[in-house]
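Take a look at the structure below.
The values are calculated or read from the model by the stated rules, or taken from the named source; none is laboratory data. The structure displayed is predicted, hence computed values, not measured ones. Here the Cβ positions follow ideal geometry from the backbone for every residue, glycine too, while neighbour counts run over all protein chains shown.
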(Lines give C-alpha, C1' and ligand atoms only; values in the text may rest on other atoms or scores of the structure.)
Protein backbone atom coordinates (compact mmCIF):
# COMPACT_ATOMS: atom_id res chain seq x y z
CA UNK A 1 0.00 0.00 0.00
CA UNK A 2 2.90 2.36 0.72
CA UNK A 3 4.39 1.68 -2.72
CA UNK A 4 1.02 2.28 -4.37
CA UNK A 5 0.59 5.54 -2.48
CA UNK A 6 4.05 6.70 -3.53
CA UNK A 7 3.35 5.79 -7.18
CA UNK A 8 0.07 7.74 -7.14
CA UNK A 9 1.84 10.74 -5.60
CA UNK A 10 4.46 10.70 -8.36
CA UNK A 11 1.75 10.41 -11.01
CA UNK A 12 -0.15 13.36 -9.54
CA UNK A 13 3.02 15.46 -9.48
CA UNK A 14 3.54 14.79 -13.20
CA UNK A 15 0.11 16.15 -14.17
CA UNK A 16 -1.12 19.71 -14.65
CA UNK A 17 -4.61 21.20 -14.48
CA UNK A 18 -5.48 22.07 -18.08
CA UNK A 19 -8.69 23.69 -19.35
CA UNK A 20 -10.98 21.63 -21.57
CA UNK A 21 -14.01 22.71 -23.61
CA UNK A 22 -16.61 20.07 -24.50
CA UNK A 23 -19.20 20.85 -27.18
CA UNK A 24 -22.36 19.07 -28.29
CA UNK A 25 -25.83 19.62 -29.73
CA UNK A 26 -28.57 18.59 -27.33
CA UNK A 27 -31.88 17.24 -28.63
CA UNK A 28 -34.70 17.06 -26.06
CA UNK A 29 -37.96 15.31 -27.00
CA UNK A 30 -41.10 15.33 -24.90
CA UNK A 31 -44.85 14.79 -24.94
CA UNK A 32 -47.46 17.10 -23.47
CA UNK A 33 -47.81 20.77 -22.65
CA UNK A 34 -45.99 21.58 -19.42
CA UNK A 35 -44.52 18.08 -19.06
CA UNK A 36 -40.73 18.22 -18.61
CA UNK A 37 -38.27 16.06 -20.55
CA UNK A 38 -34.48 15.70 -20.30
CA UNK A 39 -31.39 14.76 -22.31
CA UNK A 40 -27.81 14.07 -21.22
CA UNK A 41 -24.52 15.38 -22.58
CA UNK A 42 -21.71 12.89 -21.97
CA UNK A 43 -18.46 14.20 -20.47
CA UNK A 44 -14.95 12.73 -20.75
CA UNK A 45 -13.80 10.93 -17.61
CA UNK A 46 -11.74 12.76 -15.01
CA UNK A 47 -13.05 16.31 -15.43
CA UNK A 48 -13.24 18.72 -12.51
CA UNK A 49 -14.53 22.27 -12.02
CA UNK A 50 -17.27 21.68 -14.61
CA UNK A 51 -19.09 24.85 -15.67
CA UNK A 52 -21.88 24.99 -18.26
CA UNK A 53 -21.37 27.96 -20.55
CA UNK A 54 -24.46 27.37 -22.65
CA UNK A 55 -27.38 26.89 -22.85
CA UNK A 56 -28.70 28.64 -19.76
CA UNK A 57 -31.98 28.18 -17.91
CA UNK A 58 -34.59 30.21 -19.76
CA UNK A 59 -33.13 29.71 -23.23
CA UNK A 60 -35.73 28.67 -25.80
CA UNK A 61 -36.04 26.68 -28.99
CA UNK A 62 -39.47 27.10 -30.50
CA UNK A 63 -42.15 26.19 -27.98
CA UNK A 64 -39.65 24.66 -25.55
CA UNK A 65 -37.95 26.46 -22.68
CA UNK A 66 -34.92 25.17 -20.75
CA UNK A 67 -35.84 24.83 -17.08
CA UNK A 68 -32.89 22.97 -15.53
CA UNK A 69 -29.17 22.23 -15.90
CA UNK A 70 -27.68 19.58 -13.58
CA UNK A 71 -23.99 18.57 -13.56
CA UNK A 72 -23.42 14.85 -12.91
CA UNK A 73 -20.05 13.06 -12.49
CA UNK A 74 -20.02 11.87 -16.11
CA UNK A 75 -22.69 13.96 -17.83
CA UNK A 76 -24.71 17.17 -17.78
CA UNK A 77 -28.50 16.78 -17.74
CA UNK A 78 -30.59 19.42 -19.51
CA UNK A 79 -34.33 19.63 -18.77
CA UNK A 80 -36.91 21.54 -20.80
CA UNK A 81 -40.65 22.01 -20.91
CA UNK A 82 -43.00 22.98 -23.75
CA UNK A 83 -45.08 26.01 -22.82
CA UNK A 84 -45.69 27.83 -26.11
CA UNK A 85 -48.91 28.25 -28.04
CA UNK A 86 -48.21 25.49 -30.57
CA UNK A 87 -47.78 22.93 -27.81
CA UNK A 88 -50.34 24.22 -25.34
CA UNK A 89 -53.08 26.11 -27.21
CA UNK A 90 -56.29 24.01 -27.36
CA UNK A 91 -57.54 23.23 -30.85
CA UNK A 92 -61.30 23.39 -31.47
CA UNK A 93 -60.98 20.60 -34.02
CA UNK A 94 -61.98 17.41 -32.12
CA UNK A 95 -59.71 15.33 -34.36
CA UNK A 96 -56.59 17.36 -33.46
CA UNK A 97 -54.08 16.05 -30.95
CA UNK A 98 -54.88 17.47 -27.50
CA UNK A 99 -52.13 19.48 -25.69
CA UNK A 100 -51.52 16.66 -23.21
CA UNK A 101 -50.52 14.32 -26.06
CA UNK A 102 -48.64 16.66 -28.39
CA UNK A 103 -45.04 15.77 -29.14
CA UNK A 104 -42.44 18.52 -29.01
CA UNK A 105 -38.66 18.78 -29.32
CA UNK A 106 -35.87 21.29 -28.77
CA UNK A 107 -32.34 21.42 -30.19
CA UNK A 108 -29.78 23.51 -28.31
CA UNK A 109 -26.05 24.05 -28.75
CA UNK A 110 -24.17 23.14 -25.57
CA UNK A 111 -20.70 24.09 -24.36
CA UNK A 112 -19.08 23.01 -21.09
CA UNK A 113 -15.79 24.30 -19.65
CA UNK A 114 -13.84 22.16 -17.19
CA UNK A 115 -10.37 21.23 -15.93
CA UNK A 116 -8.50 18.04 -16.76
CA UNK A 117 -5.50 16.51 -14.99
CA UNK A 118 -3.32 16.26 -18.09
CA UNK A 119 0.15 14.84 -18.73
CA UNK A 120 2.67 17.24 -20.29
CA UNK A 121 4.53 16.09 -23.39
CA UNK A 122 7.25 17.34 -25.69
CA UNK A 123 5.82 18.32 -29.06
CA UNK A 124 8.08 16.78 -31.69
CA UNK A 125 6.47 17.61 -35.05
CA UNK A 126 5.41 21.17 -35.84
CA UNK A 127 2.84 20.58 -38.57
CA UNK A 128 -0.94 20.64 -38.66
CA UNK A 129 -0.88 17.10 -37.21
CA UNK A 130 1.74 17.23 -34.44
CA UNK A 131 3.18 14.31 -32.57
CA UNK A 132 3.75 14.25 -28.84
CA UNK A 133 6.38 12.31 -26.90
CA UNK A 134 7.03 11.54 -23.26
CA UNK A 135 10.71 11.44 -22.31
CA UNK A 136 11.98 11.73 -25.90
CA UNK A 137 15.54 10.59 -26.54
CA UNK A 138 16.12 13.51 -28.94
CA UNK A 139 14.99 17.09 -28.29
CA UNK A 140 14.88 19.54 -31.19
CA UNK A 141 15.67 23.23 -30.80
CA UNK A 142 13.65 24.59 -33.67
CA UNK A 143 11.96 23.67 -36.91
CA UNK A 144 13.08 25.19 -40.20
CA UNK A 145 10.91 24.24 -43.21
CA UNK A 146 13.05 23.43 -46.24
CA UNK A 147 16.27 22.86 -44.31
CA UNK A 148 15.21 19.57 -42.81
CA UNK A 149 17.60 19.98 -39.90
CA UNK A 150 17.91 21.72 -36.57
CA UNK A 151 20.17 21.84 -33.55
CA UNK A 152 19.32 18.97 -31.22
CA UNK A 153 20.17 17.36 -27.91
CA UNK A 154 20.55 13.61 -28.39
CA UNK A 155 20.65 10.56 -26.15
CA UNK A 156 18.72 12.44 -23.48
CA UNK A 157 18.19 10.79 -20.11
CA UNK A 158 15.53 12.42 -17.97
CA UNK A 159 15.92 13.12 -14.27
CA UNK A 160 12.26 14.12 -14.18
CA UNK A 161 9.57 14.58 -16.80
CA UNK A 162 6.05 15.88 -16.35
CA UNK A 163 4.48 18.65 -14.34
CA UNK A 164 5.58 22.22 -15.00
CA UNK A 165 9.29 21.46 -15.44
CA UNK A 166 11.25 18.62 -17.02
CA UNK A 167 15.01 18.16 -16.57
CA UNK A 168 17.25 15.94 -18.69
CA UNK A 169 20.87 15.52 -19.79
CA UNK A 170 22.20 14.73 -23.25
CA UNK A 171 24.69 15.55 -25.99
CA UNK A 172 24.40 18.77 -27.99
CA UNK A 173 24.53 18.18 -31.75
CA UNK A 174 24.86 21.22 -34.00
CA UNK A 175 23.39 21.55 -37.46
CA UNK A 176 25.67 24.09 -39.09
CA UNK A 177 22.84 25.30 -41.31
CA UNK A 178 21.28 26.84 -38.18
CA UNK A 179 24.32 28.00 -36.19
CA UNK A 180 24.59 31.63 -35.02
CA UNK A 181 28.28 31.31 -35.95
CA UNK A 182 30.24 28.32 -37.22
CA UNK A 183 32.94 28.74 -34.56
CA UNK A 184 30.38 28.71 -31.77
CA UNK A 185 28.69 25.53 -32.98
CA UNK A 186 32.00 23.73 -33.39
CA UNK A 187 32.76 24.63 -29.77
CA UNK A 188 29.42 23.32 -28.50
CA UNK A 189 29.05 20.31 -30.79
CA UNK A 190 29.31 17.11 -28.78
CA UNK A 191 29.21 18.81 -25.37
CA UNK A 192 27.18 17.24 -22.55
CA UNK A 193 24.39 19.66 -21.68
CA UNK A 194 21.36 20.04 -19.46
CA UNK A 195 17.91 20.30 -21.04
CA UNK A 196 15.16 22.20 -19.25
CA UNK A 197 11.55 22.15 -20.48
CA UNK A 198 9.15 24.73 -19.01
CA UNK A 199 6.05 26.85 -19.74
CA UNK A 200 3.46 24.12 -20.38
CA UNK A 201 0.60 25.22 -22.60
CA UNK A 202 -1.61 24.21 -25.51
CA UNK A 203 -2.73 25.41 -28.92
CA UNK A 204 -5.98 27.36 -28.86
CA UNK A 205 -8.21 24.70 -30.46
CA UNK A 206 -6.47 21.53 -29.26
CA UNK A 207 -8.36 21.47 -25.96
CA UNK A 208 -11.81 21.50 -27.62
CA UNK A 209 -13.50 18.11 -27.96
CA UNK A 210 -16.91 16.86 -29.00
CA UNK A 211 -18.99 15.07 -26.39
CA UNK A 212 -18.28 11.36 -26.36
CA UNK A 213 -14.75 11.72 -27.74
CA UNK A 214 -11.76 10.74 -25.56
CA UNK A 215 -9.36 13.47 -24.47
CA UNK A 216 -6.15 13.35 -26.46
CA UNK A 217 -2.75 14.60 -25.34
CA UNK A 218 -2.63 18.33 -25.99
CA UNK A 219 -0.46 19.98 -23.29
CA UNK A 220 3.19 20.45 -24.22
CA UNK A 221 6.24 22.33 -22.98
CA UNK A 222 6.39 25.81 -24.48
CA UNK A 223 10.09 26.46 -23.90
CA UNK A 224 13.08 24.21 -24.56
CA UNK A 225 16.33 25.51 -23.05
CA UNK A 226 19.87 24.14 -23.28
CA UNK A 227 22.22 24.89 -20.38
CA UNK A 228 25.96 24.26 -20.46
CA UNK A 229 27.49 22.15 -17.68
CA UNK A 230 31.08 23.22 -18.38
CA UNK A 231 32.81 26.44 -19.41
CA UNK A 232 32.07 27.26 -23.06
CA UNK A 233 34.26 30.15 -24.14
CA UNK A 234 33.07 33.10 -22.05
CA UNK A 235 29.94 31.25 -20.91
CA UNK A 236 30.10 30.09 -17.32
CA UNK A 237 28.63 26.72 -16.29
CA UNK A 238 24.86 26.96 -15.81
CA UNK A 239 24.32 29.46 -18.65
CA UNK A 240 21.33 29.06 -20.95
CA UNK A 241 23.08 29.34 -24.30
CA UNK A 242 20.25 28.31 -26.62
CA UNK A 243 16.48 28.07 -26.33
CA UNK A 244 13.44 27.61 -28.47
CA UNK A 245 9.77 28.46 -27.92
CA UNK A 246 7.56 26.29 -30.14
CA UNK A 247 4.59 28.01 -31.76
CA UNK A 248 1.22 26.73 -32.84
CA UNK A 249 -0.06 26.57 -36.40
CA UNK A 250 -0.97 29.38 -36.52
CA UNK A 251 -0.29 31.52 -33.44
CA UNK A 252 1.39 31.05 -30.09
CA UNK A 253 0.55 28.56 -27.33
CA UNK A 254 -1.82 29.48 -24.51
CA UNK A 255 0.20 29.21 -21.31
CA UNK A 256 -1.20 27.41 -18.29
CA UNK A 257 -1.60 29.65 -15.30
Conditions (1) in contact (Cβ under 8 Å) with a residue 60 or more places away in the chain; (2) under 30 Å from residue 23 (Cα atoms); (3) surrounded by 17 or more Cβ atoms within 10 Å (Cβ to Cβ); number of the one not met by residue 253
(1)
Kindly indicate which of 238, 148 is modelled with pLDDT of 85 or more, assigned to a loop (DSSP other than H, G, I, E, B), more than 30 Å from residue 114 (Cα to Cα) and more than 24 Å from the chain's Cα centre (by Cα).
238
Against the conditions (1) exposed (fewer than 14 other Cβ atoms within 10 Å of the Cβ); (2) under 30 Å from residue 254 (Cα atoms); (3) at pLDDT below 95, where does residue 47 fall short? Just the number, please.
(1)
Tell me, please, whether a residue that is in contact with a strand residue (DSSP E or B) (Cβ under 8 Å, 6 or more places away or on another chain), at pLDDT below 90, outside any loop (DSSP other than H, G, I, E, B) and in the same structural domain as residue 141 (by TED's automatic domain parsing) can be found in region 219-227.
no
Could we say that residue 165 is surrounded by fewer than 16 Cβ atoms within 10 Å (Cβ to Cβ), modelled with pLDDT of 95 or more and under 20 Å from the mean Cα position of the chain (by Cα) here?
yes
Here are 27, 117, 39: which of them is out of contact with any helix residue (DSSP H, G or I) (no Cβ under 7 Å at 6 or more places or on another chain) and crowded, with 17+ Cβ neighbours inside 10 Å?
39
Here's a check for you: in region 56-83, which residue that is in a loop (DSSP other than H, G, I, E, B) and either out of contact with any strand residue (DSSP E or B) (no Cβ under 8 Å at 6 or more places or on another chain) or touching a residue at least 24 places away in the same chain (Cβ under 8 Å) (or both) is nearest to residue 34 (Cα to Cα)?
83
